[in-house]
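The values are calculated or read from the model by the stated rules, or taken from the named source; none is laboratory data. Treat the numbers as computed from the prediction; the structure is a model and nothing was measured. Here Cβ is always computed from backbone atoms with ideal geometry, including for glycine, and neighbour counts include all displayed protein chains. SASA here: full protein model, heavy atoms, side chains in, ligands and nucleic acids out. Shrake-Rupley method; radii C 1.70, N 1.55, O 1.52, S 1.80 Å.
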Amino acid sequence: MKRTLSLTVAAIAAVVLLAGCGADKTAIKDETPTQAKVESQPAKETSKAEPATTKEGAAPVETEKKDDDIWTYYNDAKWTDTWNGVTSSIEKVVVTDRAPKDGNTNDLTASAVGVKFKVENTTKKLYTTYPDQAELITSTGEQVQADMVTSDHIGGEIEEGVIKDGNIIWFLKRGHAADIKWIKMKWYVIEGNGMEATQDKKEYSVKLELK
């Protein structure tokens, strides 16, 4: 019985260690930008929202990366919008064709897209949003859900005055992340706990052009 318990504890420890290593490898760093053009797509909504603020930049210019950094950065791929006092922001986009496959840091053959995301509730009301479960569409024909293991858990209820930020990661099925010209991200913000059908809701569909 003691031997079985020891083996179980060792197996759990190995899984946790592997997950930690994978998270370190996919961490999005605050480095020098690759510029990109940005635009916002019209979004469906059930109440009036403030207009989105977007920024247009020049054509991408690749920057030198550290050998241990798997990402190509598009720091100029920015977007922000405030709806009912809740500000949602995409602060950068990154892509890679050298992500850990199935969490194996010795097999860097997977393709992935990441964004650095921030949400702030400037009101005294409760809101709910799940950007860490957002759907991603790419110019290369992908339509995938965010990876819950490697993404930071910034979704759920957001109380008054709270700021949440973190990285959201999507693993691609077709690969070729370096060929992506644009991405589209879809998620929503809802007033309250999101359990009542009558609560105000803003659905976002944001397109950012990288090349």
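Tabulated values for the structure
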item	result
1.4 Å probe accessible area per residue over segment 95-160, in Å²	46 Å²
Cα-based Lys proximity count in segment 149-211, under 22 Å, for pairs eight or more positions apart or on separate chains	20
Distance from segment 70-110 to segment 148-191 (C-alpha centre basis), Å	8 Å
Those GluC sites (Glu not before Pro) in segment 111-211 that DSSP places in a loop and that have at most 14 other beta carbons within 10 Å	Glu159, Glu160, Glu196
Förster-model FRET efficiency, 25 Å R0, Lys181 and Asn106, C-beta, rounded to 0.05	0.20
Ser205 paired with Leu126, simple spin-label distance in nm, labels 7 Å along Cα-to-beta-carbon	3.1 nm
Cα-based radius of gyration of segment 81-211 once divided by 2.2 N^0.38 Å, which approximates compact folds	1.11
